[in-house]
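What follows is calculated from the coordinates using simple rules that are stated; it is not laboratory data. Given the structure is predicted, the values throughout are model-derived calculations rather than measurements. Positions of Cβ are generated from backbone atoms using ideal geometry, with glycine treated the same way; all protein chains shown enter the neighbour counts.
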Ligand SMILES: *[C@@H]1O[C@H](CO)[C@@H](O)[C@H](O)[C@H]1NC(C)=O
Ligand SMILES: *[C@@H]1O[C@H](CO)[C@@H](O)[C@H](O)[C@H]1NC(C)=O
Ligand SMILES: *[C@@H]1O[C@H](CO)[C@@H](O)[C@H](O)[C@H]1NC(C)=O
Ligand SMILES: *[C@@H]1O[C@H](CO)[C@@H](O)[C@H](O)[C@H]1NC(C)=O
Ligand SMILES: *[C@@H]1O[C@H](CO)[C@@H](O)[C@H](O)[C@H]1NC(C)=O
């Protein structure tokens, strides 16, 4: 949790305390309730108009940032009526002139902004009522020093998202350690599909102010790939290395893709469903994101949503609970816009699967595989009644679909570009007479390369060899090798357990 989060929790805990204490009645012996708007937080039921208020409850000074403090307090327990609180601040050290006091008559907090970073302040809260002021309670806060005066690193969380075919929104977070930054310098480097800079291409440069967190880069070429780099600059110097983000622009006139059409489901075995949909009209998605959620009769979720990137417009989904209802959400996904519209379809999996009378009865016998690097050659024996075969692939460890399926007329299939270093389960089912036969499956162990990402790796040079080929083409690793030539792209096999973790490498 970041410091901001901690602060929120702290303030939240304090407010909780306030709610509990605020519920207690004041002195029940005294009379005359105050108008609610006088101090609503205090919820004064009855109080003494003729007595001065008692001291407020504990006062807390919560640091908002290096120049602001939020002062919170609890109402007095007992004593005279309260109509307002006077909150004053004074600098104990390093804080310069005292900020103007504030009068709060509708709450239990006050914010002091424009304080000096690094200063220590004392805040005092005194209640006031018709019979005069009550005693004050104080609290101190030491503000953190101003931004670090050091050479800034590159900003965190640098990302580029297309806004149109020629514009991208670049966004980032402050560099780690909160250094002082005067400006950010951004370069859009035209690249090829695997992220290598194009020879003789012209870079585009942009500058953003030190307090900016995003910039719209205009003048990009449609249907192109860019490596965006960003460095932080201050009087102390420029960040030694850039943060980089690889992104494509949509085709000319491209837009966020519309929802897929005609999503439908049919039973495909015990606890298995064959989903189908059509591509949307207009801008074409790069792939689909299939979200699977178990729901109750009113459509409320009963499970987390399992999201699987999917290459095709049909998907065999297995391991569902017979008799349960699922919501299948199919999103048309554009990698350049990082967005797309979706359509959903609710479906109850039949309690028992009844294959159509003439559907294939047998699982394909003799399923065997030969492995060549990331390529696999499969062969099986034909099954009576098969019109064709559907071959699906899963990560054997997690059971997660690799998001691609093949339709085969014969009894062999070569699959190229399976994720290296993983065990892949290949499932073959015959289809005929409107139904699916029982599945055969085999687990293929794909080799881990001798060392991480050899430059001579072929034929997928530049692509992420630990992701299925169709998917890794959207998240290549080439740019990393080109921009950090002295480094290897490190993919711990452990990190790759889930083949769709969007992990594109980090420098080592
Ligand atoms: C600090 O917080 C105050 C109050 O929320 C705000 O007015 C001020 O802009 C903030 N300063 C910075 C540097 O974020
Ligand atoms: C760019 O992205 C940032 C961060 O997500 C966002 O705050 C800003 O509104 C975006 N700008 C545009 C023009 O979409
Ligand atoms: C991108 O350029 C690199 C270096 O010239 C090359 O090896 C790679 O094959 C290219 N990628 C594509 C998809 O053309
Ligand atoms: C474009 O920028 C990249 C990265 O900063 C740099 O390596 C390359 O030399 C630049 N190309 C030109 C033509 O300036
Ligand atoms: C699914 O997509 C992959 C990758 O684009 C393709 O090779 C395969 O033929 C498709 N399968 C079907 C059934 O269309």
Expected output is a single nm value to one decimal: the length gained when fully extending between residue 55 and residue 140, i.e. 0.36 nm times separation in residues minus the C-alpha distance. What is it?
28.9 nm
For residue 238 and residue 398, FRET efficiency with R0 = 56 Å and r from the beta-carbon atoms, rounded to 0.05?
0.85
Would you kindly calculate the translational diffusion coefficient of region 156-248, applying Stokes-Einstein with the Kirkwood radius from alpha carbon pairs, for 10 °C and a viscosity of 1.306 mPa s, and quote it in µm² s⁻¹ without decimals?
118
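Find the percent of Cα-Cα distances in region 215-338 that exceed 24 Å, and round it to a whole number.
48
For residue 167 and residue 353, what does the FRET efficiency come to when R0 = 30 Å and r is the distance between their Cβ atoms, rounded to the nearest 0.05?
On the way: r = 50 Å, r/R0 = 1.68.
The calculated FRET efficiency here is 0.05.
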Could you work out how much longer the chain between residue 368 and residue 381 gets when fully extended? Use 0.36 nm per residue separation minus the Cα distance between them, nm to one decimal.
3.7 nm
Can you check what the Kirkwood hydrodynamic radius comes to for region 271-345, Cα pairs only, in Å to one decimal?
13.0
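Starting from the Cα-Cα distance between residue 211 and residue 388, subtract it from 0.36 nm times their residue separation and give me the gain in nm to one decimal.
Details: separation 177, 0.36 × 177 = 63.72 nm, distance 5.99 nm.
My answer for the length gained is 57.7 nm.
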Residue 90 paired with residue 68, simple spin-label distance in nm, labels 7 Å along Cα-to-beta-carbon:
2.6
